[in-house]
Amino acid sequence: MTAILEIDFPATLLLHAPDTASLQRRSRFLLALKYFELGELSSGQAGKMCGMSRAAFLLEAAHNGVPATDLGGEELEQEFADG
């Protein structure tokens, strides 16, 4: 199930995008990225939200400083101990 969200934005954002379609794509990606970073969307859901494959989303997330996984200290130790 999906829903449509309409957001008012300052016109100054258009200075950073060549057209409204580009701004819309970027905004969808950044919103999906933040929900993924917060753990509220899986990478697959986030990719679908912004029209990307899971792999493409994870690659672009990494380019924006968001890691594919967020392992804490104990989880990280276990990950390397098991391998």
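Things to note:
Yes/no matrix, rows are residues, columns are (1) surrounded by fewer than 12 Cβ atoms within 10 Å (Cβ to Cβ); (2) touching a Gly at 6+ places or on another chain (Cβ under 6 Å); (3) modelled with pLDDT under 95:
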position: ASP8; (1), (2), (3): yes, no, yes
position: ALA11; (1), (2), (3): yes, no, yes
position: LEU31; (1), (2), (3): no, no, no
position: SER43; (1), (2), (3): no, no, yes
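- Failed item, numbered, when CYS50 is tested on (1) in contact with a helix residue (DSSP H, G or I) (Cβ under 6 Å, 6 or more places away or on another chain); (2) modelled with pLDDT under 90: (2)
The values are calculated or read from the model by the stated rules, or taken from the named source; none is laboratory data. Remember, it's a predicted structure, so these values are computed and weren't measured experimentally. A quick note on method: Cβ atoms are made from the backbone with ideal geometry, for glycine too, and the neighbour counts reach across all protein chains shown.
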